[in-house]
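Structure first, then comments.
The values are calculated or read from the model by the stated rules, or taken from the named source; none is laboratory data. Remember, it's a predicted structure, so these values are computed and weren't measured experimentally. A quick note on method: Cβ atoms are made from the backbone with ideal geometry, for glycine too, and the neighbour counts reach across all protein chains shown. The area values use the complete protein model at the heavy-atom level, side chains included, leaving out ligands, DNA and RNA. Shrake-Rupley method; radii C 1.70, N 1.55, O 1.52, S 1.80 Å.
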Amino acid sequence: MIKLDDAYDEQNIFAKILRGDMPNITLYEDDKTLAFMDIMPQAVGHCLVIPKEPAVTFLDLSEDSAAAVMATAKKVAAAVVKAVDAPGFMMAQLNSSAAGQTVPHYHMHILPRHDGLDLEFHARKPEDMAVLNETADKIRAYL
């Protein structure tokens, strides 16, 4: 298997979330994946899907985990689009720090898109937790 970065760091924030050492606003969870709100969203409804398997990049993921992430992303994206009444959405996934990956655990971004609304900068401004929880409740209603 090709490796782009160093070995998996068990102290990364997503590993801590998976262990229950850090809080998150969970949208969906199954035996292979976790979907939760991005605390520094680029758009209202921005969320993340991660595998429970420790992997830094797409190339590190098993085929089973890659398929599970895509299945969860499809389910969650449909709920996000409905919850925030978005006419479109994008999915983004960065592999290694050279590509802009800021957390060394594979993750898929789901970003609802509206005409005329620019995306906020990535990982710059934390959102109010009450706002995130309110959006999460709307998304969960469609899951």
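Assorted remarks:
- Among the conditions (1) part of a loop (DSSP other than H, G, I, E, B); (2) at negative phi; (3) at pLDDT 95 or above, the only one that His122 does not satisfy is (3).
- Residue within the range 91-100 that is over 26 Å from Glu10 (Cα atoms), open to solvent by 20 Å² or more (accessible area, probe 1.4 Å) and among the aliphatic types (A, V, I, L, M) present: no
- Some residue of the range 129-137 being under 17 Å from the mean Cα position of the chain (by Cα), outside any strand (DSSP E or B), of a type in the set (Asp, Glu) and surrounded by 13 or more Cβ atoms within 10 Å (Cβ to Cβ): no
- Residue satisfying condition, being modelled with pLDDT under 95, more than 11 Å from the chain's Cα centre (by Cα) and small (Gly, Ala, Ser), within set Ala78, Ala7, Ala86, Ala55: Ala7
- Flag for Leu48 being touching a Lys or Arg at 6+ places or on another chain (Cβ under 7 Å), touching a residue at least 24 places away in the same chain (Cβ under 8 Å), of a type outside the set (Lys, Arg) and buried (at least 20 other Cβ atoms within 10 Å of the Cβ): no
- Any chance Ala83 is open to solvent by 60 Å² or more (accessible area, probe 1.4 Å) and not charged (D, E, K, R): no
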